[in-house]
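The values are calculated or read from the model by the stated rules, or taken from the named source; none is laboratory data. Quick caveat: nothing in here was measured; it's all calculated off a predicted structure. Virtual Cβ from ideal backbone geometry, glycine too; neighbours counted across all protein chains shown.
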Amino acid sequence: MSRFELFHSRDLDATREAVGRVFCDHRMELSERDGELDARMHSKRLDKVGMSYIGYGADVRVDPGVLETFYVVQVPLLGHGLFQQGAEHVYGVLGVAVVVGPTRPLSMRLDGDLELVILRIERTALEATLSDLLDRSLPNPIEFDLGMAISGYARTWYDYLMFCVSELNRPDSLLNHPLSIQQMEQNLMSGLLIAQHSNYAEMLHGKALPAPSRAISRAVEIIENHPELAHTMGSLAREAGVSVRALQKGFRRHLDTTPSAFLRGVRLQRAHDELRAAQPDTVTVGEVAGRWGFVHLGRFANTYRRKYNETPSQTLHR
């Protein structure tokens, strides 16, 4: 990231102030009384993420406390450091990155030869990305495991991050185009959510629990109150406050059906009721079917006949 040098300083206060402008206010001190700082930092802020390189050139203690508004992934390129967040701690070294959340206090003891690439992600952006992936609102903050072993999915994510860092350093790179930056940020956020274990890992990997009965009752209420509306699995899940998978599993567990089949059944019943009450000279079968969300008249007639043992026209003219 040579294009984006922010500072090169031997002054402790100037270094703390410059780093604080990129991340947050923090305490920083030399670990050894006779230590000599030789700090440098390169940084590039995009939209929802920022990328930085930092090395202090001396053993330091850094205590940012609670980050509150952002996540950081710290990737050692050289050297090592001890990172502690709450009761959890990990040694960051080459091959082990550190994923720090915004809800617990962070403290770090960094070796003088440690060099880090740091990815900052805004909390609201990461939470919105996860909410979109799950198709539901988040009941709790995202809590990642602190240590990330660079293997498996994490290796793929790490390689992509390093590719992005390298490409951003090229003025003529496609990744410097605003549309490419937006896609790159989305890839980094969604990739991190998939690659690093968190309290939402089971839901992301298809092991969601069925929705509770209250969520199913809410979805049933929405359907029965307005079956004529263009409901989708996504819209029903959002209204019920669960994921699409959980909604489907919940309907199967509690009602022994699917949301789509339940919606179709309610619509069919409403159409049947209207046809029975209507006068043949005031309405047509097509009008009734369309009013209740059936756009294909032939399929409607076949489904109707299987359920009621007569055609919609026979019901209307009875």
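Numbers below:
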| item | result |
| --- | --- |
| Only listed residue being more than 30 Å from Phe144 (Cα to Cα) and either of a type in the set (S, T, N, Q) or modelled with pLDDT of 90 or more (or both), chosen from Pro280, Pro312 | Pro312 |
| Subset of region 41-59 that is in a loop (DSSP other than H, G, I, E, B) and in contact (Cβ under 8 Å) with a residue 60 or more places away in the chain - its residue that is nearest to the chain's Cα centre (by Cα) | Lys48 |
| Hits in region 9-28 (condition: assigned to a strand (DSSP E or B) and surrounded by 13 or more Cβ atoms within 10 Å (Cβ to Cβ)) | Ser9, Met28 |
| Among the candidates Ser235, Ser313, residue that is closer than 30 Å to Pro139 by Cα and assigned to a helix (DSSP H, G or I) | Ser235 |
| Filter result (surrounded by 13 or more Cβ atoms within 10 Å (Cβ to Cβ) and among the aliphatic types (A, V, I, L, M)) within region 222-237 | Ile222, Ile223, Met233, Leu236, Ala237 |
| Qualifying positions in region 26-48 - polar (S, T, N, Q) and farther than 29 Å from Met184 by Cα | Ser31 |
| Residue in region 60-77 that is exposed (fewer than 15 other Cβ atoms within 10 Å of the Cβ), over 27 Å from Leu6 (Cα atoms) and touching a residue at least 12 places away in the same chain (Cβ under 8 Å) present | no |
| Matching entry among Val62, Val66, Val90 (being farther than 25 Å from Pro178 by Cα and in contact with a Pro (Cβ under 8 Å, 6 or more places away or on another chain)) | Val66 |
| Filter result for Glu29 (more than 28 Å from the chain's Cα centre (by Cα) and closer than 29 Å to Gln183 by Cα) | no |
